[in-house]
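Worksheet: one structure, shown below.
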Amino acid sequence: QVQLVESGGGLVQAGGSLRLSCAASGSTFSINDMGWYRQAPGKQRELVATITREGSTNYADSVKGRFTISRDNAKNTVYLQMNSLKPEDTAVYYCAADRKYLSTIVIPKAYWGQGTQVTVSS
């Protein structure tokens, strides 16, 4: 009932910037916390950043000071501003959302987007 669609990925040189967007549609009232994750070839998927509906954020140590997560609840969209990109940031970036079910149950990472490729060249 909820779909997440990422956009904004691409190829950028080291030191450059990209802005990723994740648009949610469907039963968006059921969405709780949201976040960005990434997975590089041969590596496990890792958390990049999370944000609550109230705006509280959490970042992986590897992106602190360079990435900023934000959300616009009215537009049902979460963003990831990525600055000072490094080749190590190359990965498929996924948007995820927790589901708030019947106002009392939270299903973690119930919804996932298809991912958007970010490639940083040196």
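The values are calculated or read from the model by the stated rules, or taken from the named source; none is laboratory data. Treat the numbers as computed from the prediction; the structure is a model and nothing was measured. FYI the Cβ positions are ideal-geometry reconstructions off the backbone, even for glycines, and counts take in every protein chain you see. For accessibility, only protein heavy atoms count, side chains too; no ligands or nucleic acids. Shrake-Rupley method; radii C 1.70, N 1.55, O 1.52, S 1.80 Å.
The GluC sites (Glu not before Pro) of the stretch 9-91 that DSSP puts in a loop, and whose beta carbon has at most 14 other beta carbons within 10 Å, are Glu54.
Hey, can you grab everything whose amide H is under 5 Å from the amide H of Thr90? Only 5+ residues off in sequence or another chain; H modelled, so Pro and N-termini drop out. Distant-sequence amide H within range of Thr90: Val120. Legend: calculated FRET efficiency, Gln39 to Ser7, from the Cβ-Cβ distance at R0 = 22 Å, rounded to 0.05, equals 0.80. Take the chain with all the other protein chains still there, run a 1.4 Å probe, and you get 54 Å² of accessible area per residue. Using the Cβ-Cβ distance between Thr104 and Ala14 with R0 = 41 Å, the FRET efficiency computed as 1/(1 + (r/R0)^6) comes to roughly 0.35. Put simply, the amide H of Leu85, placed in the peptide plane, has neighbours under 5 Å in Gly15, Gly16, leaving out anything fewer than 5 places away on its chain. For Lys109, the solvent-accessible surface with a 1.4 Å probe is about 90 Å², rounded to the nearest 10. Here the accessible area of the chain is 47 percent carbon and sulfur, with a 1.4 angstrom probe and all protein chains present.
Students often get this wrong, so try it: which of [x] 1.03; [y] 1.07; [z] 0.98 is Cα Rg over 2.2 N^0.38 Å as calculated from the structure shown? Working out Cα Rg over 2.2 N^0.38 Å from the coordinates points to [x]. Between Gly26, Gly16, Gly42, the residue with the greatest mean-square fluctuation in the GNM of the chain (Cα pairs under 10 Å linked by springs) is Gly42.
Under a model in which nothing but the beta-carbon of Lys, Arg (+1) and Asp, Glu (-1) is charged, the stretch 8-57 shows a dipole of about 160 debye around its Cα centre. Note on the stretch 1-104: with charges restricted to the Cβ of Lys and Arg (+1) and Asp and Glu (-1), its dipole about the Cα centre is near 40 debye. On the basis of the beta-carbon distance and an R0 of 25 Å, Glu88 and Trp112 show a calculated FRET efficiency of 0.65.
With the chain treated as a Gaussian network of Cα nodes joined by springs under 10 Å, which of Leu20, Leu102, Leu47 yields the largest mean-square fluctuation? Maximum fluctuation in the GNM of the chain, among the listed residues, is at Leu102.
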